[in-house]
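> Quick one: this structure, given as structure tokens, is what I'll be asking you about.
The values are calculated or read from the model by the stated rules, or taken from the named source; none is laboratory data. All values derive from a computational prediction rather than experimental measurement. Here the Cβ positions follow ideal geometry from the backbone for every residue, glycine too, while neighbour counts run over all protein chains shown.
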Amino acid sequence: MTSTSTPVRLDTGFAPAFAALCAGAVAMGISPIFVRFAAADVGPFASAFWRVALALPVLYAWMRIEEAKAPANAPRASFSKATVLAGLVFSGDLFFWHLAIFNTTVANATFFATTAPFFVVLVTWLVLRQRVSRGTVMGLVMCLAGGAALIGQSLQVDPDRIRGDLYGLATAFSSASIFWPSAGRGTGPERPE
């Protein structure tokens, strides 16, 4: 019996998107170290401010380029209540993230801050009363186990650093909260308006 195999072709945009994903993961992984290095000169809130402020010119230029490429009759983006709320919880994310970096180990701050998917699933299920698929739960368990395995012995729950660990969890909750203002409104890529 012979089988014909069809080679799987990746979308042409896959490689740059995957490279951007990897670069973003590396940047997120090393950013707390740079925040710690900056601690000698600036506090956690100044560090958070400048991390965002320095990115604004690039983001503004990108926005203008995208607007110029859009058709003339395309609707312009506006700041809805959900957008403003997402911006506010993002500021909470930055607030707690930088407090976590300064008040616990870098490994703990990073691990606890990246548990945001856990809060997304938990609130989606308990508060928004939406069904969570078995695959999502299994993926979440695998991600949490993988994250715990990666930091291994670096994860230390020390009573002297518990406040920083709690800041890390508050970071994750704030990060997860960015998604809830638009939940069920069909504004995400999976449910276009």
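> Those residues that are surrounded by 19 or more Cβ atoms within 10 Å (Cβ to Cβ) and either without any contact (Cβ under 8 Å) to a residue 24 or more places away in the chain or part of a helix (DSSP H, G or I) (or both), I need them from region 107-141; list them, please.
Asn108, Ala109, Thr110, Phe111, Phe112, Ala113, Ala116, Val120, Thr124
> Based on what the data block shows, is Phe79 out of contact with any Phe, Trp or Tyr (no Cβ under 6 Å at 6 or more places or on another chain) and either of a type in the set (Lys, Arg) or within 30 Å of Arg163 (Cα to Cα) (or both)? Spell out the reasoning first.
On the way: out of contact with any Phe, Trp or Tyr (no Cβ under 6 Å at 6 or more places or on another chain): yes; either of a type in the set (Lys, Arg) or within 30 Å of Arg163 (Cα to Cα) (or both): no.
No.
> If you go through region 28-52 one residue at a time, how many are exposed (fewer than 10 other Cβ atoms within 10 Å of the Cβ) and either among the hydrophobic types (A, V, I, L, M, F, W, C) or under 17 Å from Ala100 (Cβ atoms) (or both)?
Within region 28-52, the first condition is being exposed (fewer than 10 other Cβ atoms within 10 Å of the Cβ), and the residues that meet it are 40-41.
Cutting the leftovers down to either among the hydrophobic types (A, V, I, L, M, F, W, C) or under 17 Å from Ala100 (Cβ atoms) (or both) gives us 40.
Total satisfying the criteria: 1.
> Just for region 56-94: of the residues that are of a type in the set (D, E, K, R) and within 21 Å of the chain's Cα centre (by Cα), which one is surrounded by the most Cβ atoms within 10 Å (Cβ to Cβ)? Reasoning before the result, please.
Keep residues of region 56-94 that are of a type in the set (D, E, K, R), which gives 64, 66-67, 69, 76, 81, 93.
Filter again for within 21 Å of the chain's Cα centre (by Cα), leaving 81, 93.
Values: Lys81: 8, Asp93: 22.
By that ranking, first place goes to Asp93.
> Between Ile101, Ile162, Ile151, which is without any contact (Cβ under 8 Å) to a residue 60 or more places away in the chain, part of a helix (DSSP H, G or I) and closer than 23 Å to Ala48 by Cα? Steps first, please.
On the way: Ile101 fails: without any contact (Cβ under 8 Å) to a residue 60 or more places away in the chain; Ile151 fails: closer than 23 Å to Ala48 by Cα.
Selected residue: Ile162, the only one of Ile101, Ile162, Ile151 that is without any contact (Cβ under 8 Å) to a residue 60 or more places away in the chain, part of a helix (DSSP H, G or I) and closer than 23 Å to Ala48 by Cα.
> If I go through region 165-193 residue by residue, how many of them are in contact with a Leu (Cβ under 7 Å, 6 or more places away or on another chain) and modelled with pLDDT of 90 or more?
1
> Okay, moving on. Do the conditions hold for Ala100, that is, is it small (Gly, Ala, Ser) and more than 13 Å from Pro44 (Cβ to Cβ)?
Values: small (Gly, Ala, Ser): yes; more than 13 Å from Pro44 (Cβ to Cβ): no.
So Ala100 fails the test.
> I need the full set of residues from region 35-94 which are polar (S, T, N, Q), assigned to a helix (DSSP H, G or I) and at pLDDT below 85, in order please.
Taking region 35-94 as the starting set, the residues that turn out to be polar (S, T, N, Q) are 47, 73, 78, 80, 83, 91.
Filter once more, so that each one left must be assigned to a helix (DSSP H, G or I): 47, 83, 91.
Thr83 - this is the single residue of region 35-94 that is polar (S, T, N, Q), assigned to a helix (DSSP H, G or I) and at pLDDT below 85.
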